[in-house]
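Scroll down for the structure; my scribbles are underneath it.
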Amino acid sequence: MNSKVSIIKCESYDTALVQDSVTRAVDLIGGISNFIKPSSKVLVKPNLLMAKEPEAGIDTHPEVVRAVIKLLKKINCSIYLGDGPSVWGSQIEDVDKVYELSGMKKVCEEESVNLVKFDKRRMREGFPLSTWLDQCDYVVNLPKFKTHDLTLLTGAIKNLYGLVTGTFKTELHKKYYASKDFSKILVDIFQEIKPALTITDGIVAMEGDGPATGGRLRNPKLLLASSDCVALDSIMALIMGIEPEAVLSTKEAAKRGLGAADINSITVLGEKLEDAIQEPFLLPTTSITAKIPRPVIKLAMKLIKYHPYIDHNNCTRCNACIEACPAKVMSMKNNQVVINYSGCISCFCCQEACPSAAIKVKKSVLARLIGL
Ligand code: SF4
Ligand code: SF4
């Protein structure tokens with residue numbers, strides 16, 4: 001398999017600059033009509049994790065979304081845009097807030113695009129996926145360039161998890177909480193959806209305890225494009241200073257023959273990869289166990305633990321973490337969020353759902369003693 005990934009330098013989110021950069025990124029790999037048949041129905045899937053302004057660097061930037069919409073309009077496509085944000089369970093109305101604050105509502109109004117909600121599902125290969133997948137001919141995938149506390153990075157493959165509807169995300173997190181198992185289901189979902197084109201927004205990226213308010217922003221000033229999600233995530237990993245196969249979803253997808261993870265099987269176009277590679281990204285605190293030799297891990301694993309803890313000064317008592325917790329071990333007592341640690345599975349769904357950076361990572365004594 002020889003896959004193409006384009007890398008384009010883009011200094012800012014200036015509308016014209018992003019439009020030009022996205023067009024060049026797609027043209028380098030063959031042009032929009034190479035992936036999307038003119039006049040078809042297209043579902044555009046950005047990463048809209050939570051209701052935050054574009055400057056927070058958490059959601060795909062609206063100018064990247066606008067640039068992709070304009071490309072699709074040039075070939076007369078009918079465009080539908082949506083995501084299933086981290087507003088779990090019964091709070092479907094909060095999706096409006098995510099669309100509003102992230103800038104998606106404004107872009108869709110200005111560009112006359114249908115902004116849709118993933119409130120109906122159909123079981124596909126065991127996953128309840130949005131029926132908008134049935135109603136559209138193609139998916140254009142627009143991930144954000146970020147670290148992720150469970151999967152190491154969140155890119156092309158992970159972004160598709162947003163197509164799982166409502167509370168089922170929580171159920172899947174609960175059932176597949178180990179990162180290896182969770183990565184496998186991410187690949188199952190990717191295998192079922194297979195986006196036609198992916199463009200990663202790495203103009204502003206996130207390192208550290210991503211993918212939400214716990215992470216730290218940095219500026220790679222890059223856009224990446226490919227029709228091969230595995231190759232795209234591999235190149236993104238290399239830019240971050242991570243071996244592609246250290247990302248378990250990349251490893252699993254490559255094993256299944258769904259794309260190229262080996263750099264020798266990937267043609268990089270645009271910027272040279274060596275010029276795009278940055279100072280290694282700060283990895284999530286929880287990912288450091290991946291670097292310890294296996295025999296040591298076996299002995300130490302029981303004593304090396306990470307748990308969330310609440311920074312009560314930042315907490316606004318919004319309840320989002322309580323509703324997100326798949327193990328139902330969080331509650332509000334005396335106007336404070338409390339965690340019953342005996343049932344905590346360390347999935348960090350609560351941290352991902354917190355809009356106020358009020359959930360931090362607590363390390364066990366051994367983890368701190370050996371400097372993890
Ligand atoms: S408290 Fe947080 S880390 Fe623990 S199970 Fe609940 S959501 Fe997961
Ligand atoms: S910890 Fe975060 S998500 Fe939980 S109630 Fe406080 S502000 Fe809301």
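The values are calculated or read from the model by the stated rules, or taken from the named source; none is laboratory data. All values derive from a computational prediction rather than experimental measurement. Cβ placement follows ideal geometry from the backbone for every residue including glycine, while neighbour counts extend to all protein chains displayed. The area values use the complete protein model at the heavy-atom level, side chains included, leaving out ligands, DNA and RNA. Shrake-Rupley method; radii C 1.70, N 1.55, O 1.52, S 1.80 Å.
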*Do we find that residue 118 is outside the structural domain of residue 348 (by TED's automatic domain parsing), touching a Ser or Thr at 6+ places or on another chain (Cβ under 9 Å), in contact (Cβ under 8 Å) with a residue 12 or more places away in the chain and more than 16 Å from residue 83 (Cβ to Cβ) in this structure?*
no
*From the list 97, 106, 73, which residue is farther than 16 Å from residue 19 by Cα, basic (Lys, Arg), at pLDDT 95 or above and in the same structural domain as residue 134 (by TED's automatic domain parsing)?*
106
*asked:* I'd like the full set of residues that are open to solvent by 10 Å² or more (accessible area, probe 1.4 Å) and in a helix (DSSP H, G or I), limited to region 212-243.
replied: 238
*Would you mention how many residues in region 230-284 are within 29 Å of residue 362 (Cβ to Cβ) and small (Gly, Ala, Ser)?*
4
*For region 183-211, enumerate the residues that are closer than 21 Å to residue 285 by Cα and either buried (at least 24 other Cβ atoms within 10 Å of the Cβ) or without any contact (Cβ under 8 Å) to a residue 60 or more places away in the chain (or both).*
205, 206, 209, 210, 211
_Residue among 310, 345 that is open to solvent by less than 80 Å² (accessible area, probe 1.4 Å) and either at pLDDT 90 or above or more than 14 Å from ligand 1 (Cβ to nearest atom) (or both)_ = 310
*Filtering region 348-370 down to residues that are assigned to a loop (DSSP other than H, G, I, E, B) and open to solvent by less than 50 Å² (accessible area, probe 1.4 Å), which residue is modelled with the highest pLDDT?*
358
_Some residue of region 119-126 being of a type outside the set (A, V, I, L, M), open to solvent by less than 10 Å² (accessible area, probe 1.4 Å) and modelled with pLDDT under 95_ = no
*Residue match in region 260-269 (condition: touching a Leu at 6+ places or on another chain (Cβ under 6 Å), surrounded by 16 or more Cβ atoms within 10 Å (Cβ to Cβ) and closer than 19 Å to residue 146 by Cβ)*: no
*Among the residues of region 327-341, which ones are more than 6 Å from ligand 1 (Cβ to nearest atom), over 21 Å from residue 285 (Cα atoms) and either open to solvent by less than 80 Å² (accessible area, probe 1.4 Å) or not in a loop (DSSP other than H, G, I, E, B) (or both)?*
331, 332, 333, 336, 337, 338
*Being without any contact (Cβ under 8 Å) to a residue 24 or more places away in the chain and either open to solvent by less than 10 Å² (accessible area, probe 1.4 Å) or outside any helix (DSSP H, G or I) (or both), is that true of even one residue in region 172-181?*
yes
